[in-house]
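S.K.: Let me begin by handing over the structure; questions about it come next.
The values are calculated or read from the model by the stated rules, or taken from the named source; none is laboratory data. These numbers come from a predicted model, not from an experiment. Quick reminder, even Gly has a Cβ in these numbers, built from the backbone with ideal geometry, and neighbours come from all protein chains shown. All accessible areas refer to the heavy atoms of the entire protein, side chains included, with ligands and DNA or RNA removed. Shrake-Rupley method; radii C 1.70, N 1.55, O 1.52, S 1.80 Å.
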Amino acid sequence: MTKRANKYRLTLEQVSLMKEDATLAEPLSLEFENHDEIFTIIEKIKEKKLFGDENQSTEFAIGLKMFSEVMLKNRKHPLFEDFFPAFGEFMKKLKSQ
């Protein structure tokens, strides 16, 4: 049987905060599935050089893929009702860059 999704683990850790007296949160780790190979997407976005900072390309790719997967899994949710068509156009524009 073929897997239907890739499985990932993401760990987010605060390194510093703007307020010096604030306490750092404990690291957060979550596992999630995505139909795309996210590391390949990251490399493709980096190659496009859409942003002046390579880190921003990685941030963008990870955020986009995580957001879009949740949206696809919940496409009938009223929250995405108006946004879904515009997102499709956005993705077409991004892929044509």
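S.K.: Given the conditions (1) within 18 Å of PHE90 (Cα to Cα); (2) part of a loop (DSSP other than H, G, I, E, B), report the number of the one that ASP21 does not fulfil.
M.R.: (1)
S.K.: Examine the range 12-20 for a residue that is closer than 17 Å to GLU69 by Cβ and either surrounded by 12 or more Cβ atoms within 10 Å (Cβ to Cβ) or in contact (Cβ under 8 Å) with a residue 40 or more places away in the chain (or both), and state whether such a residue exists.
M.R.: No, the range 12-20 has no match at all.
S.K.: Against the condition under 15 Å from the mean Cα position of the chain (by Cα), among the polar types (S, T, N, Q) and open to solvent by less than 100 Å² (accessible area, probe 1.4 Å), how does ASN34 come out, does it pass?
M.R.: yes
S.K.: Quick one: how many residues across the range 44-88 are in a helix (DSSP H, G or I) and either open to solvent by 90 Å² or more (accessible area, probe 1.4 Å) or hydrophobic (A, V, I, L, M, F, W, C) (or both)?
M.R.: Count: 23.
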